[in-house]
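Beneath this line is the structure, given in structure tokens, with notes to follow.
The values are calculated or read from the model by the stated rules, or taken from the named source; none is laboratory data. Keep in mind that what you see is a predicted model, and the values were worked out from it rather than measured. Counting neighbours? That spans all protein chains shown, and the Cβs are built from the backbone with ideal geometry, glycine included.
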Amino acid sequence: MKPIYAKPPIGNRAAFQVRKDYLDVLDTKWHYHSEFELAYISYPYGKRIAGNSVALFEDDDLVFYGPNFPHAWAHEPKEGGEQSTYNNGLSHYAIVVHFSASCFDDSFFSIPEMVAIQTVLQRSARGLLVYGESRQRIAQWMKELLEHTGAKRVILLLQILEELSRTPETNLLSSAGYWDNLNEHDMVRMSGIYEYITQNFTKDIALEDIAAQAHISPSAFCRYFKARTKRTLKEFVNDLRINYACQLLEENRHSITQICFEAGFNNISNFNRRFKEMKGITPQQYRMNIRNIYNKVTAAPSQP
């Protein structure tokens, strides 16, 4: 994100931070931090990179990330013509809430009434996408957070966490265990590796090229990468490609053959095989399931 204007940071005595950044072009570097992050992105069309998930979003995006979860957003030209990148009237913006695990007393989330919230905090280690009516409610409460002070802010944050803990309208974004137990040196090196992969995963990634990014030999890179991600480079790249293919299948704008190549695979049989290994169904079945869900939702009678 390139903020044109950002609300001033809150005082050091506040329990958590909330800010609103107005955006010209959506463009964040791949990054991570030690706080939990709740982010609402109001932007016409963009790309979200979350752990080993890459997906497109349209209109709005609401996510909840745990500490040290790698993520980024980027502007993505919409099919059928490049949208204007100039933000007339500063209508595009991000509202971001950061809070640490010590925001409340250490035992606060351990009491019986907070078990569900403790669970959603743990789930956020893989990144959570929030959609549907829950996204609308939480986005509104985040806007209210900007205007309130004192106890009301804390109540609103707990209200948001309570909504996240009970709603079925969330999806996990990333695979488990690929970013655990890294020291500070590893995180710096892995940041460069990961940014290179996310920028190039739809192309052929040569082992020699990515090893050079990490300033180690190809053989050393293979050992280093697998020890820290629990996956080989090929497996990790395929994870990104399949997650990206799922997004393209859901959008239903391209044939499965086109999606195969768009996601970085060089033949349809390999794409089908890898997709079924990861998702348990073929790309065609995945698309049909999405269509069936959509048809049920649109056919359901509206509530009076």
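For every residue, the table says whether it meets (1) more than 30 Å from residue 185 (Cβ to Cβ); (2) in contact with a Leu (Cβ under 8 Å, 6 or more places away or on another chain).
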| site | (1), (2) |
| --- | --- |
| 203 | no, no |
| 209 | no, no |
| 212 | no, no |
| 233 | no, yes |
| 253 | yes, no |
| 258 | yes, no |
| 263 | yes, yes |
| 277 | yes, no |
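Each row is one residue, and each column tells you yes or no for (1) at pLDDT 90 or above; (2) hydroxyl-bearing (Ser, Thr, Tyr).
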| position | (1), (2) |
| --- | --- |
| 242 | yes, no |
| 251 | no, no |
| 254 | yes, no |
| 257 | yes, yes |
| 260 | yes, no |
| 263 | yes, no |
| 268 | yes, no |
| 281 | yes, no |
| 284 | yes, no |
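Residues of region 188-229 being assigned to a loop (DSSP other than H, G, I, E, B) and more than 22 Å from residue 265 (Cα to Cα), which ones? Within region 188-229, 215, 216, 217 meet the criteria.
Out of all the residues in region 233-245, is one or more aromatic (Phe, Trp, Tyr) and touching a strand residue (DSSP E or B) at 6+ places or on another chain (Cβ under 6 Å)? Scanning region 233-245 turns up at least one residue that is aromatic (Phe, Trp, Tyr) and touching a strand residue (DSSP E or B) at 6+ places or on another chain (Cβ under 6 Å). Restricting attention to region 128-157, the residues that are in a helix (DSSP H, G or I) and without any contact (Cβ under 8 Å) to a residue 40 or more places away in the chain add up to 12.
Within region 245-264, being touching a residue at least 24 places away in the same chain (Cβ under 8 Å) and either small (Gly, Ala, Ser) or part of a loop (DSSP other than H, G, I, E, B) (or both) holds for 245, 252, 253, 263, 264.
Kindly check whether there is at least one residue in region 198-209 that is crowded, with 16+ Cβ neighbours inside 10 Å, touching a residue at least 60 places away in the same chain (Cβ under 8 Å), farther than 25 Å from residue 33 by Cα and not assigned by TED's automatic domain parsing to the domain that holds residue 52. Checked region 198-209: at least one residue is crowded, with 16+ Cβ neighbours inside 10 Å, touching a residue at least 60 places away in the same chain (Cβ under 8 Å), farther than 25 Å from residue 33 by Cα and not assigned by TED's automatic domain parsing to the domain that holds residue 52.
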